[in-house]
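Peer 1: Below you will find the structure I want to go over with you.
Every number here is computed from the coordinates shown, using simple stated rules; none is lab data. Computed from a predicted structure; not experimentally measured. In this analysis, Cβ positions are derived from the backbone assuming ideal geometry, glycine residues included, and neighbour counts consider all displayed protein chains.
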Amino acid sequence: MSTRVAIVGASGYSGEELVRLLLQHPSVELTMVTSRQSVGLSLAQVFPKFASHPRSKALRFSEPNVEELIRQSDVVFLALPHGVAAEFAVPLVKAGKIVIDLSADFRLRSAASYKEFYAHEHPAPSLLEGAVYGLPEVYRDKIRRSNLIASAGCYPTSILLPTLPLLRDGIIKPTGIIADSLSGVSGAGRKAEIDYLFCECNESVRPYGIPKHRHLSEIEQELGFAAGVPVTIQFTPHLIPVNRGILTTLYLAPQQAFTTADQAKAVGDQIAACYLRAYSTEPFVRVLEGSALPDTKNVVGTNVVELAWRLDIRTGRLLVMSAEDNLLKGASGQAVQSMNIRCGFPEITGLV
């Protein structure tokens, strides 16, 4: 018997990717898609690319209605803005549904931190303690037991997966961390704003969200958990003129200084062994070898994050780079990965 799945907010970029992944998933039935602006329209009308799917004409967008979501689904994906997602999560969790939230509403353990970074009171603080941060490579066991999974953000995924193993193993210092990230325009969501019009983005690269981007809250939270001490980092996101993909470069300080080739080799062996322990069996983390470096063209359209690292004897720094698809490993693909874990499906189902 198939698991019944609904998507609330299915007309955005992340929602569209969820539709695509769930339509082809062999163990689920997509029973309900909601979008206030597309009520009554079929999947084929809103997303012509799905017109050849047998359900594309029968499945129609509806108003998001909690009672219908409870009646028609076992798992509900919330692809909604922060603040709005919690309104649906509260009654759905109470009804025993599995909720996978792609917003920021349940990523933070502290309601005070949420207010600091999102400028309003948390709408459902009582649920924070029971929510699990949806980074499968780190919280797989907790995801298996949770009915409220807060899927990790796109920038945080690109920063945390390269950094957390190094912090846990004490290979890098928890201070002086710098992260520069470049993201495609789809990261801003499907909305009509001047900053994201073609003529504004094309042939243009610019930073934004300086100096306190909202994603810093969950990044520093998770880095702090791994390090065992509070962590503050410098994070600069940039908008680049591509549709999708994130490339991140991290500048890190190894605990062990290296000024010679032999010392660098010893540190490098530690780093290589650390990543081997962390990711050698992970289906969606690819640690590159040799001269290869992460490239968004190799991960766009996949649920994979690529990692590579280099030691710089001149500066004494470790450079770690990552690339991912912001709409898949950074959003919908990772959310489906969490669903697979929670529902007992093979983790790669519908994602390869």
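Peer 1: Would you order Val76, Val84 from fewest to most other beta-carbon atoms within 10 Å of each residue's own beta-carbon?
Peer 2: Working: Val76 27, Val84 16.
Placing the least packed residue first, the sequence is Val84, Val76.
Peer 1: Given the pairs Lys173/Lys212; Lys212/Lys265; Lys94/Lys142, which are separated by over 27 angstrom at their Cα positions? List each step's numbers first, then the result.
Peer 2: On the way: Lys173/Lys212 22 Å; Lys212/Lys265 36 Å; Lys94/Lys142 19 Å.
Over 27 Å Cα-Cα: Lys212/Lys265.
Peer 1: Given the range 155-324, what whole percent of its Cα pairs are spread farther than 21 Å? Intermediate results must be reported in sequence, preceding the final value.
Peer 2: Numbers: 7100 of 14365 pairs.
Across the range 155-324, Cα pairs with separations above 21 Å total 49 percent.
Peer 1: Quick one: in the range 61-172, what % of C-alpha pairs are over 22 Å apart? Write out the running numbers ahead of the final one.
Peer 2: On the way: 2220 of 6216 pairs.
Of all Cα-Cα distances in the range 61-172, 36 percent exceed 22 Å.
Peer 1: Okay, moving on. Take the alpha carbon atoms of the range 88-122, find their center, do the same for the range 290-352, and report the distance between the two centers in whole angstrom.
Peer 2: 25
Peer 1: For the chain, what is the Kirkwood hydrodynamic radius in Å, using each pair of distinct C-alpha atoms?
Peer 2: For the chain, the Kirkwood estimate is 20.9 Å.
Peer 1: Checking understanding here: applying a Kyte-Doolittle mean of at least -1.0 and a length along the axis of at least 20 Å (C-alpha), which whole DSSP H helices in the chain pass?
Peer 2: Working: long enough: 154-168 (21 Å, 0.88); 261-279 (26 Å, 0.02).
Answer set is 154-168, 261-279.
Peer 1: Report, for the range 1-125, the % of DSSP beta bridges that are antiparallel, rounded to 5. Could you put the intermediate results ahead of the total?
Peer 2: Values: 1 of 17 bridges.
Given both bridge residues lie in the range 1-125, the antiparallel proportion sits at roughly 5 percent.
Peer 1: For the range 125-243, give the share of DSSP beta bridges that are antiparallel, in percent and rounded to the nearest 5; count only bridges with both residues there.
Peer 2: On the way: 2 of 11 bridges.
Bridges in the range 125-243 are about 20 percent antiparallel.
Peer 1: Also, I was wondering about something else. Suppose the chain between Tyr208 and Ser52 were pulled fully straight at 0.36 nm per residue; how much longer would it get relative to their current alpha carbon spacing?
Peer 2: Full-extension gain reported as 52.2 nm.
Peer 1: Of the DSSP beta bridges with both residues in the chain, give the percent that are antiparallel, rounding to the nearest 5.
Peer 2: Among the beta bridges of the chain, antiparallel pairing accounts for roughly 45 percent.
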